[in-house]
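The values are calculated or read from the model by the stated rules, or taken from the named source; none is laboratory data. No experiment lies behind these values; they were computed from the predicted model shown. Heads up, the Cβs are rebuilt from the backbone with ideal geometry, glycines too, and the neighbour counts pull from every protein chain shown.
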Amino acid sequence: MAYQPLEKLLPKAANSIYRLVLLAAKRATELAEGMPSLVERPSNVKTTTLALDEILEGKVVLKGCESQGNPGKPEEAKAEEDEEDEDKDE
């Protein structure tokens with residue numbers, strides 16, 4: 001059984017366990033339905049483990065968390081904060 005450290009996986013899912021589980025479950029379902037793997041692993045590795053490996057290596061990302069500038073905050077949230085800061089300055 002492979003172990004993927006949670007502290008390395010969480011930043012890839014906006015620091016949300018809920019989002020991480022949803023992302024891994026969706027990718028594991030895609031793999032089970034026949035989608036090709038994005039990482040090289042033995043064929044006896046379970047789809048959930050493979051999905052977590054892909055997330056850990058950055059092959060599968062959560063929409064909005066692609067930028068490395070501030071992992072954990074989607075671009076939309078950062079844009080809203082910038083607008084709020086501008087309003088406060090005026």
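Which ones in region 29-58 are of a type outside the set (Val, Ile, Thr) and closer than 15 Å to GLN4 by Cα?
Within region 29-58, ARG41, LYS46, LEU50, ALA51, LEU52, ASP53, GLU54, LEU56, GLU57, GLY58 meet the criteria.
From the residues in region 11-24 that are touching a residue at least 12 places away in the same chain (Cβ under 8 Å) and outside any loop (DSSP other than H, G, I, E, B), which one is farthest from ALA51 (Cα to Cα)?
PRO11
Working only within region 26-65, note down all residues that are closer than 14 Å to LYS8 by Cβ and in a helix (DSSP H, G or I).
LEU52, ASP53, GLU54, ILE55, LEU56
Results for (1) of a type outside the set (Gly, Ala, Ser); (2) surrounded by 12 or more Cβ atoms within 10 Å (Cβ to Cβ); (3) at pLDDT 90 or above, shown as yes or no for each residue.
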{"residue": "PRO11", "(1), (2), (3)": "yes, yes, yes"}
{"residue": "ASN15", "(1), (2), (3)": "yes, yes, yes"}
{"residue": "TYR18", "(1), (2), (3)": "yes, no, yes"}
{"residue": "ALA24", "(1), (2), (3)": "no, yes, yes"}
{"residue": "ALA28", "(1), (2), (3)": "no, yes, yes"}
{"residue": "VAL60", "(1), (2), (3)": "yes, yes, no"}
{"residue": "GLY69", "(1), (2), (3)": "no, no, no"}
{"residue": "LYS73", "(1), (2), (3)": "yes, yes, no"}
{"residue": "GLU90", "(1), (2), (3)": "yes, no, no"}
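Out of curiosity, is LEU52 of a type outside the set (D, E, K, R) and modelled with pLDDT of 90 or more?
Against the criterion (of a type outside the set (D, E, K, R) and modelled with pLDDT of 90 or more), LEU52 qualifies.
Specify the residue that is nearest to GLY58 (Cα to Cα); the eligible residues are those in region 30-47 that are over 19 Å from the mean Cα position of the chain (by Cα) and surrounded by 11 or more Cβ atoms within 10 Å (Cβ to Cβ).
The extreme case among them is ARG41.
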